[in-house]
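Okay, so here's the structure we're looking at.
The values are calculated or read from the model by the stated rules, or taken from the named source; none is laboratory data. Worth saying up front: this structure is predicted, and the values here are computed from it rather than measured. We place every Cβ from the backbone using ideal geometry, glycine too, and count neighbours over all the protein chains shown.
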Amino acid sequence: MTGASAHLTSLISLVESSLGGWFMNLSRLNAREIETQARALELQLKKLAHRPRPTPSERQLTVELKKMRLVIKDRLDALKRS
């Protein structure tokens with residue numbers, strides 16, 4: 001594993017632990033729990049956005065977190081419609 005990929009893996013593990021692995025169990029959460037996880041995700045994105053010179057792995061993590069944010073939004077919309 002290269003240094004960059006090890007760093008990315010480390011960052012992803014940090015985010016996963018801080019978010020409690022929510023994305024694996026998103027279908028089992030209610031709207032309130034998903035909203036809580038969405039706030040945690042936004043906090044992680046804000047922290048990454050304030051990095052003066054993000055590494056390539058941090059930029060990749062930002063992309064992945066933004067994708068997760070879209071998944072959360074879609075899930076919340078589905079819950080609100082049902």
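Contact map, the stretch 19-37: first residue assigned to a helix (DSSP H, G or I), second residue modelled with pLDDT under 80 and acidic (Asp, Glu), Cβ cut-off under 9 Å, separation 6 or more or different chains; pairs are TRP22/GLU16; PHE23/GLU16; MET24/GLU16. The single condition from (1) surrounded by 14 or more Cβ atoms within 10 Å (Cβ to Cβ); (2) of a type outside the set (Asp, Glu); (3) at pLDDT 60 or above that ARG59 fails is (1).
Taking the stretch 67-82 as the range and being exposed (fewer than 13 other Cβ atoms within 10 Å of the Cβ) and basic (Lys, Arg) as the test, the residues that pass are LYS67, LYS73, LYS80, ARG81.
On the stretch given as the stretch 38-70, residues that are of a type in the set (Ser, Thr, Tyr) and assigned to a helix (DSSP H, G or I) total 2.
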